[in-house]
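Below is one structure; the comments refer to it alone.
Every read-out reported here was derived from the displayed coordinates using simple, explicitly stated rules and does not represent laboratory data. No experiment lies behind these values; they were computed from the predicted model shown. Here the Cβ positions follow ideal geometry from the backbone for every residue, glycine too, while neighbour counts run over all protein chains shown.
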Amino acid sequence: MNLRTECNGTQYTAFISGQLQYQDNGAFRTLVDDMTEANVKNCVFELSDLTSIDSAGLGMLVIASDAGKKNGWALTLSGAKGQVRKILELSRFDQLMTITD
């Protein structure tokens with residue numbers, strides 16, 4: 001996973017690229033903690049440059065969604081395409097969180 005973040009005071013955006021897989025768990029949990037500490041109401045995972053995601057990566061997205069619900073921020077997945085979009089659709093993640101183009 002490659003990661004770049006931006007926080008503008010009202011929204012925290014994480015630009016996630018490359019692959020999201022099991023070995024990214026530690027860095028991803030740090031990201032979720034940073035999002036919570038930023039004390040914003042909207043968090044976005046920008047996934048347009050994410051090329052693949054495994055089952056552990058899907059689990060991390062669920063962890064982030066749960067953390068948002070617990071800590072008062074909403075999570076949006078944005079820009080997923082190709083294999084990543086197909087896996088999110090097959091897994092029905094649109095029923096768990098907001099997904100935008």
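Specify the residue that is farthest from M60 (Cα to Cα); the eligible residues are those in segment 82-101 that are of a type in the set (S, T, Y) and surrounded by 12 or more Cβ atoms within 10 Å (Cβ to Cβ).
T98
Out of curiosity, is K86 part of a helix (DSSP H, G or I), within 20 Å of C7 (Cβ to Cβ) and of a type in the set (D, E, K, R)?
On the way: part of a helix (DSSP H, G or I): yes; within 20 Å of C7 (Cβ to Cβ): no; of a type in the set (D, E, K, R): yes.
Taking the combined requirement at face value, the residue does not satisfy it.
Mind counting the residues in segment 4-30 that are in contact with a strand residue (DSSP E or B) (Cβ under 6 Å, 6 or more places away or on another chain), surrounded by 14 or more Cβ atoms within 10 Å (Cβ to Cβ) and within 21 Å of L88 (Cα to Cα)?
The number of residues fulfilling the criteria is 7.
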